[in-house]
Structure formats: C-alpha cells, structure tokens
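Only one structure is covered here, and it is reproduced in the block below.
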Amino acid sequence: MKNIIKDTKTFENATSELLIVGVRKNSNQVKGWEQFISYFGTAIDEWIKSGDIETNSKKLTKIPLNTQNANLKRILFVGLGDQKTLTRQNLRETFGLVGKELKKLKATNVSIWLESFTAAPIDEKEIAFLSAQGIGMGYYTVPHYKTTSNEPDTYIETVEFVTESDINDVVSNFNTGKVYADSVNEARSLVNRPPNLLTAPDLADYAVQLANDYGFEVEILNKAELEELGMGAILAVNQGSSIEPRLITLKYKATKNWEEVIGLVGKGVTYDTGGYSIKPKTGMVGMKGDMGGAAAVLGAMRIVGELKPNQNVVAVIGATDNMISSDAMKPDDIITTYSGKTVENLNSDAEGRLVLADAVTYAKQQGANYLIDVATLTGGVITALGYDKTGALSNNEAFFDAFMEASIETGEFVWGMPLTENDKKRIRKSDVADLINSPGSDGHMIFGGGFVGEFVENTPWIHLDIAGTSDAKSAHDLGPKGGTGVMVRTMATFIERFKDIHQG
Ligand code: BES
Ligand code: MN
Ligand code: ZN
C-alpha cells in the first residue's frame with residue numbers, strides 16, 4: 001500500500017472505485033445504515049435477507065454499482081457474522097481475506113466505511129489499525145523466480161476512509177497498522193528466500209541496510225573476529241561450511257543511558273542439513289526457513305525503527321548454515337562456548353541451541369537486562385503443539401505474563417511449557433563436559449530451550465520456539481503458504497508496551 005490516504009464524510013464524495021462495507025447478521029445495528037441504504041438503494045436490505053449478500057463471518061460478496069457517483073463501481077460486502085462474537089483477531093483475519101480479494105480484483109483505489117466494522121469497544125480508529133494490518137498481510141505475495149510470468153505487480157495506491165472520526169487519528173492508526181504489516185511481510189520474504197540467495201553474509205547485509213534506514217547502531221562480526229572472541233559454539237556449527245558466519249548486533253537507543261535494555265536474540269541458521277547427524281531428505285526440504293527467528297527479530301526491529309518507542313533494544317542474531325564437509329563438527333566433539341561452558345555435541349542437528357548460546361551470552365554482554373530468544377528450534381514443539389501455536393519457556397513469571405498480554409492482543413498464540421529442575425539436570429548430564437546438546441527425543445522442545453536457558457542464567461527470559469509457526473504449510477486468512485513472520489507483531493507490541501506494564 002502506498003501512503004496516499006484521504007477522508008470523506010459521505011458516500012457521494014467517495015473518489016475510489018470500490019467501497020468496502022462490513023455487514024453483520026443484524027445490519028441496522030450500525031448507526032449510519034439508514035443513510036447508506038438511502039444512497040445505494042433499499043434493495044441491499046433485501047439481498048441481505050435473501051442471502052445474496054452474505055453476512056456469515058468471513059464471507060465476501062461484491063456487487064456492481066450504478067449510482068450518481070461515477071467513481072464508485074463496486075461494493076465489496078464483508079460478512080462479519082454475529083456482532084457478539086466479533087473479536088479483534090476475527091476482524092484482523094477478515095481484513096486479511098479482504099486483502100487477498102483486493103489483490104485478485106487488482107483494485108488500486110479503495111474506500112473503507114469504518115463505522116460498518118465497529119463493534120464496541122473496537123472503534124473506528126482501531127478498525128483503521130486492524131484493516132491496515134489485515135489487508136497488508138493478506139495482500140502479501142511470495143517473491144518468485146519464474147521466467148514465464150509477466151504479471152505486473154499490483155498494489156493499492158490510495159485508501160480513503162468514510163468516517164466521522166478525526167481523520168488525523170484514523171490516518172495515524174492506519175499508518176501504524178501498515179508499518180506492522182509491511183514489517184511482517186519483510187520477515188516473510190526473508191524466510192521465503194532460497195538458501196543460496198540468503199547466506200549469513202546476505203542476512204548481515206540486510207541488517208546493515210535496516211540500520212542505515214533507521215539509524216540503529218550496527219556491528220557485524222566475521223569469522224576471524226568470532227575466532228578472536230572465542231565464540232566456539234557458532235563456529236562449531238559453521239565449521240563444515242565454505243560460507244562465513246556472522247554475528248549481527250543492532251542497537252536502538254531510546255534513552256540517554258543504556259539501561260533497561262530488552263535483548264532480542266534470533267536463530268539465523270540459513271540452511272540446516274543436520275550436519276553429520278544428517279536429516280532425511282524429506283526433513284531437509286524447507287530448512288531454508290531455519291532463520292525464521294532472525295527474520296522475526298529483524299521484522300520487530302523494523303517496527304521499532306519506524307515507530308520509535310521509548311525503550312532500549314539490542315538485537316543479536318547468530319547467522320550461519322549447518323553443513324557437512326571434512327571440516328564439519330562431529331558428534332562426540334567437545335565445544336567450548338563463548339561463555340566458557342563446554343558442550344558435548346551429541347547431535348549436530350541440535351545446532352540452533354549452540355548458535356543461540358553464544359548469541360545470548362553476547363547480548364548479555366552488550367547490556368541486555370531482559371532476553372527474548374526466538375528460534376525454529378525443535379520438531380518437538382510441533383509434536384506438542386502443532387502448527388498454530390508457538391511454544392514458550394521462561395524463568396520469570398511477571399515477564400512472561402506481560403509477554404502473554406501482548407500476544408493476546410496480536411492474536412499470535414503462545415503457550416508456556418514447563419522447565420523444571422529435573423529438566424535442567426538432564427541438560428547437565430555429560431561425563432565429559434558441562435552440558436550436552438541433545439538428550440534424545442522425549443520432551444525435546446523443553447530440552448532445546450532449556451539448553452539456551454543455561455546461558456541466560458538469571459536474566460529475565462522468554463524462549464519462543466517457532467518451528468511450527470514460522471512457515472505455513474498452506475495458505476491462511478492472513479497470508480499465503482510460506483513464511484508467516486510470526487512473533488514480529490507480538491515482540492514489537494511487547495516492546496512498545498513494556499515501560500507501562502513494567503512500571504505499572
Ligand atoms: N531446525 C530444526 C528444527 C525444525 C524442525 C524447524 C522442523 C522447523 C521444522 C532444528 O535444528 C533441529 O534439527 N532440531 C532437532 C533437534 C534434535 C536433534 C534434538 C529436532 O527437532 O529434531
Ligand atoms: Mn537442526
Ligand atoms: Zn535448525
């Protein structure tokens with residue numbers, strides 16, 4: 001969506017080709033309905049009654065128009081179902097479907113009648129926010145490399161609001177929603193990028209670009225620098241690769257003093273073959289998305305850069321692929337991590353936790369007082385929770401509750417799993433090192449995250465395992481099959497709210 005936004009108070013003045021109108025089971029609940037009908041014709045009421053215009057949730061009906069207004073050519077009716085069951089998430093998803101429809105229609109100039117979507121306490125301003133999010137995410141297309149397609153890119157040029165509210169409020173809410181959607185979509189495109197075109201150095205280049213765009217401090221450590229520092233865990237994962245690793249650090253400084261810093265730590269494994277603990281061929285396809293955590297961190301940082309919240313943030317991403325060669329790490333290897341802790345490598349496919357170990361230690365050293373790590377870490381989380389729930393661990397109830405509040409607001413489902421003292425014992429059960437990186441397959445979501453926790457120590461921390469949620473197996477209301485950009489919105493919302501929640 002481009003940024004040209006206008007307002008109009010009446011349908012007569014609409015200058016777009018298509019008007020988007022919400023309809024519910026009982027449409028006269030909306031104050032302005034009389035006026036709407038008197039302009040477009042009472043037949044609409046009959047069509048709603050007869051079912052020609054559908055009011056069921058998420059059903060879209062478009063009708064052609066022939067009115068005094070020569071611009072308006074169609075109305076897109078959007079079924080909202082029962083007023084009582086209308087939620088923010090429901091509206092967001094419904095607007096996602098609207099976004100898909102607008103792309104199909106190649107509609108470039110659209111009007112939204114805001115009031116028709118309101119359902120107390122969700123007011124016109126919030127509808128503007130949710131519609132920008134939903135339409136923006138629904139409109140997203142996976143970039144492709146086909147030589148045969150000559151379809152031009154379509155985009156929405158202008159969005160006009162039919163509204164009685166203060167247009168500045170409406171526009172600023174819409175723009176915020178658009179920032180959220182655009183940032184999610186950027187994260188999706190990183191996940192979708194093939195691994196030969198998104199290596200660790202490429203991911204670092206993207207981060208540098210982001211830093212230049214938004215004025216973040218940026219540091220990129222290359223292989224020699226990681227060796228100098230003794231980052232043995234990320235280096236061990238990178239050992240079999242001909243492509244260098246990168247440790248990416250971005251700092252957003254909101255306050256004069258570098259304090260109360262939230263650290264976002266992302267797994268940026270640009271391809272995961274499993275190494276010598278090699279994945280079966282069917283399990284390897286899709287492992288281009290093993291940098292979904294890194295993408296989520298970068299997407300959230302883009303929102304931070306755009307909206308400039310009053311909250312210090314440091315982002316650290318460990319980027320490498322996990323490959324095989326005669327140089328690759330082997331099961332039985334002992335790895336010395338950046339923290340000094342040693343690890344017995346029992347499974348070279350448990351590489352994400354190794355990368356995160358060094359990244360977490362570095363984030364703490366860079367001043368992070370709170371940590372959120374996000375990673376496509378384990379198949380175990382898929383076994384436990386399926387493909388629509390992000391699994392979480394934490395060492396701090398208050399910090400976790402605050403995060404859950406943000407996730408409920410964004411509609412991104414997060415579920416906390418237990419991490420007990422008994423689990424920690426298993427992680428420390430090596431005869432020859434401080435830790436093992438893999439204890440076997442029972443409860444291994446907890447084990448993977450718990451391993452990262454060994455490097456977090458006492459800092460308030462949340463671990464997010466997005467192995468199930470980062471890459472959609474099929475199209476959904478808010479986007480196509482492929483990268484979802486999951487946790488971008490929740491982490492950004494959490495950062496925006498953290499000061500209030502924390503102090504209040
Ligand atoms: N990147 C994978 C986890 C994954 C699996 C992500 C499926 C997305 C979809 C991770 O590095 C991995 O291989 N995990 C192993 C851990 C095991 C060796 C302890 C797993 O889940 O099988
Ligand atoms: Mn792996
Ligand atoms: Zn992995």
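The values are calculated or read from the model by the stated rules, or taken from the named source; none is laboratory data. Quick caveat: nothing in here was measured; it's all calculated off a predicted structure. So basically every Cβ, Gly included, is an ideal-geometry build from the backbone, and we count neighbours across all protein chains shown.
Note down all Cβ pairs under 6 Å where the first residue falls in the stretch 337-351 and is more than 13 Å from G440 (Cα to Cα) and assigned to a strand (DSSP E or B), the second is modelled with pLDDT of 95 or more and within 16 Å of ligand 1 (Cβ to nearest atom), and they're at least six residues apart or on different chains.
V343/I335; V343/L435; V343/N437; E344/S430; E344/I436
Which of the residues spanning the stretch 162-179 are part of a helix (DSSP H, G or I) and β-branched (V, I, T)? I'd like the intermediate steps shown before the answer.
Within the stretch 162-179, the subset part of a helix (DSSP H, G or I) is 167-179.
The answer is I167, V170, V171, T176, V179.
Out of the residues in the stretch 324-363 that are within 15 Å of L229 (Cα to Cα) and among the small types (G, A, S), state the one that is surrounded by the fewest Cβ atoms within 10 Å (Cβ to Cβ).
Step one: list which residues in the stretch 324-363 are within 15 Å of L229 (Cα to Cα), which gives 335-341, 355, 357-363.
With among the small types (G, A, S) added as a condition, the list becomes 339-340, 357, 359, 363.
Values: S339: 21, G340: 10, A357: 29, A359: 34, A363: 28.
Going through the qualifying residues, I end up with G340.
What number of residues within the stretch 231-289 are closer than 30 Å to F498 by Cα and away from ligand 1 (no atom under 14 Å from the Cβ)? Please lay out each step first, then the result.
First pass over the stretch 231-289, keeping only residues closer than 30 Å to F498 by Cα: 246-269, 289.
If we keep only those that are away from ligand 1 (no atom under 14 Å from the Cβ) as well, we get 246-265.
Residues that pass the stated criteria total 20.
Of all residues in the stretch 241-277, which are within 15 Å of ligand 3 (Cβ to nearest atom), surrounded by fewer than 21 Cβ atoms within 10 Å (Cβ to Cβ) and of a type outside the set (S, T, Y)?
Once the filter is applied, which keeps residues that are within 15 Å of ligand 3 (Cβ to nearest atom), surrounded by fewer than 21 Cβ atoms within 10 Å (Cβ to Cβ) and of a type outside the set (S, T, Y), the stretch 241-277 yields only G274.
List the helices (runs of 4 or more DSSP H) that sit entirely inside the stretch 1-116 and contain at least 3 residues that are basic (K, R).
Working: elements: 33-40, 43-50, 88-105.
In the stretch 1-116, 88-105 are the helices (runs of 4 or more DSSP H) which contain 3 or more residues that are basic (K, R).
Just to be sure I understand, how many residues within the stretch 254-310 are touching a residue at least 24 places away in the same chain (Cβ under 8 Å), of a type in the set (A, V, I, L, M) and outside any helix (DSSP H, G or I)?
Count: 8.
Look through K125, K146 and report the one residue that is closer than 23 Å to W33 by Cβ and more than 20 Å from the chain's Cα centre (by Cα). Break it down stepwise before answering.
Working: K146 fails: closer than 23 Å to W33 by Cβ.
Going through K125, K146 in turn, just one is closer than 23 Å to W33 by Cβ and more than 20 Å from the chain's Cα centre (by Cα): K125.
Going through the stretch 455-504 one residue at a time, which ones are surrounded by fewer than 24 Cβ atoms within 10 Å (Cβ to Cβ) and part of a loop (DSSP other than H, G, I, E, B)?
Matches in the stretch 455-504: E457, N458, T459, P460, K473, S474, A475, D477, P480, K481, G504.
If I go through the stretch 255-308 residue by residue, how many of them are away from ligand 2 (no atom under 15 Å from the Cβ), over 15 Å from the mean Cα position of the chain (by Cα) and of a type outside the set (K, R)?
11
Name the one entry in D423, D431 that is loosely packed, with under 15 Cβ neighbours inside 10 Å and of a type in the set (D, E). Outline the logic, then answer.
Details: D423 fails: loosely packed, with under 15 Cβ neighbours inside 10 Å.
Step by step, each of D423, D431 is checked, and only D431 is loosely packed, with under 15 Cβ neighbours inside 10 Å and of a type in the set (D, E).
Do the conditions hold for S183, that is, is it of a type in the set (G, A, S), in contact with a helix residue (DSSP H, G or I) (Cβ under 9 Å, 6 or more places away or on another chain) and surrounded by fewer than 23 Cβ atoms within 10 Å (Cβ to Cβ)? Working first, answer last.
Working: of a type in the set (G, A, S): yes; in contact with a helix residue (DSSP H, G or I) (Cβ under 9 Å, 6 or more places away or on another chain): yes; surrounded by fewer than 23 Cβ atoms within 10 Å (Cβ to Cβ): no.
Against the criterion (of a type in the set (G, A, S), in contact with a helix residue (DSSP H, G or I) (Cβ under 9 Å, 6 or more places away or on another chain) and surrounded by fewer than 23 Cβ atoms within 10 Å (Cβ to Cβ)), S183 does not qualify.
What's the number of the only condition in (1) assigned to a loop (DSSP other than H, G, I, E, B); (2) under 22 Å from P194 (Cβ atoms); (3) within 11 Å of ligand 1 (Cβ to nearest atom) that I324 fails to meet?
(3)
Could you go through the stretch 8-30 and let me know if any residue there is surrounded by 15 or more Cβ atoms within 10 Å (Cβ to Cβ), farther than 21 Å from V110 by Cβ and either at pLDDT 95 or above or of a type in the set (S, T, N, Q) (or both).
First, pick out the residues of the stretch 8-30 that are surrounded by 15 or more Cβ atoms within 10 Å (Cβ to Cβ): 8, 11, 14, 16-25, 27, 30.
Still in the list and also farther than 21 Å from V110 by Cβ: 25.
Going one step further and asking which of them are either at pLDDT 95 or above or of a type in the set (S, T, N, Q) (or both), we end up with none.
No, because not a single residue in the stretch 8-30 is surrounded by 15 or more Cβ atoms within 10 Å (Cβ to Cβ), farther than 21 Å from V110 by Cβ and either at pLDDT 95 or above or of a type in the set (S, T, N, Q) (or both).
I'd like the full set of residues that are of a type in the set (A, V, I, L, M) and either within 16 Å of ligand 3 (Cβ to nearest atom) or crowded, with 23+ Cβ neighbours inside 10 Å (or both), limited to the stretch 365-391.
Residues of the stretch 365-391 that are of a type in the set (A, V, I, L, M), as a first pass: 368, 371-372, 374-375, 377, 381-382, 384-385.
Scanning the stretch 365-391 gives A368, L371, I372, V374, A375, L377, V381, I382.
Here are some residues: Y180, Y206, Y155, Y139. Which one is hydroxyl-bearing (S, T, Y) and more than 19 Å from the chain's Cα centre (by Cα)? It would help to see each step written out before you state the result.
Details: Y180 fails: more than 19 Å from the chain's Cα centre (by Cα); Y206 fails: more than 19 Å from the chain's Cα centre (by Cα); Y139 fails: more than 19 Å from the chain's Cα centre (by Cα).
Step by step, each of Y180, Y206, Y155, Y139 is checked, and only Y155 is hydroxyl-bearing (S, T, Y) and more than 19 Å from the chain's Cα centre (by Cα).
Where in the stretch 367-440 are there helices (runs of 4 or more DSSP H), lying fully within it, with 1 or more residues that are in contact (Cβ under 8 Å) with a residue 40 or more places away in the chain and away from ligand 1 (no atom under 16 Å from the Cβ)?
Details: elements: 380-385, 397-410, 421-427.
Here the list reads 397-410.
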